[in-house]
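Below is one structure, written out as structure tokens, with a few remarks after it.
The values are calculated or read from the model by the stated rules, or taken from the named source; none is laboratory data. The structure presented is a predicted model; accordingly, all values stated were derived computationally and were not measured. No Cβ is skipped: glycine too gets one built from the backbone with ideal geometry, and neighbour counts run over all protein chains shown. In case anyone asks, the SASA skips ligands and DNA or RNA and just uses the protein heavy atoms, side chains included. Shrake-Rupley method; radii C 1.70, N 1.55, O 1.52, S 1.80 Å.
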Amino acid sequence: MAIPDFQTLMLPFLKTVEDGNEHPFKDLVTKLAVEFKLTQDELAEMLPSRRAPTFYNRVAWTKFYLKKAGLITQVKRSYLSITAQGKKVLDSKPTLINIKFLEQFPEYSAFKEENITENSTETKSIDAELKSTPEEILESAYEKLNSSLVVEILENIMQCSPSFFERLVVELLIAMGYGGTRVGAGRAIGQSGDGGIDGIIDEDRLGLDSIYIQAKRWEGVVGRPEIQKFVGALQGQRAHKGVFITTSEFTKEAQEYVKNINNKVVLINGFALARLMIENSVGVSTATTYQVKKIDSDYFVDE
């Protein structure tokens, strides 16, 4: 079963606290996971930011909305209980509780009015169709922006010269912690010219080991023969580690080949290259920064 969205969780969540007892939030998460028969893999699935498990995040937002509607209350830190209004809702035998359902309650309406923005019409229409939590929507939008940026990066790389691409590889490897210094790395790249090797760069700042590099600014797919040529060059240098970077893609045969050889060879395709550039701020700049903050529970401990 797929992980349910946070609105689907609303009615089951309310039913888990209908006995009127105080329930630890973590126990409610566990009960809901059992009810929806979630697998360990589904429970381990993380938000794209890796900041929290997806299911836990959705249950947390379910709790948030039910509290805003006055159907549950937090009786003490991380403990929840149903309210009289919540019991009344369950007595009416609803088949579904969602955001539209919650709009009938004054508490939720008041909360919504407090948060109306200049784009109130748009906000209301989004709320009515909401399936993902606000964090998931934010992260999804972030991923879409990055996906668009990946395309732009690759288009720009293909318009530049091969020598520019070599410099780009240098900057990226240094940003990732390889090569020691810009000068040292710059000397290493582009000077080997030994049968399939474009350069050598230190694995660490002390130069304890070296990584051999092949950089191909290609539009065509890189196949197994090119990788075999690179591996042969590595063996000729008695080298153990290599990185093959391309602006295009690798065939399945090429990917399978590097899994079954003694040398450690990492294949970086165009998509991964652009992603690494974004992560390490190479060729991109920050346009806007948004900080997502959460409650510091330790601060509110009243001793």
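What the table below lists for this structure:
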quantity: Extension reserve of the ARG224-LYS293 stretch, reckoned as 0.36 nm per residue once the Cα distance is removed; calculated: 20.1 nm
quantity: Percent carbon-and-sulfur accessible area, the chain, ignoring ligands, DNA and RNA, probe 1.4 Å; calculated: 50 percent
quantity: Among [x] 35, 23, 19; [y] 26, 25, 22; [z] 53, 21, 18, the entry derived from the coordinates for semi-axes √(5λ) of the Cα gyration tensor in Å; calculated: [z]
quantity: Reach of LYS76 by Cα under 23 Å, taken over lysines that are not fewer than 8 positions away in the same chain; calculated: LYS15, LYS26, LYS31, LYS63, LYS67, LYS68, LYS87, LYS88, LYS293, LYS294
quantity: Relative packing of peptides 13-25, 254-266 - highest average C-beta neighbours within 10 Å first; calculated: 13-25, 254-266
quantity: 1.4 Å probe accessible area per residue over the chain, in Å²; calculated: 60 Å²
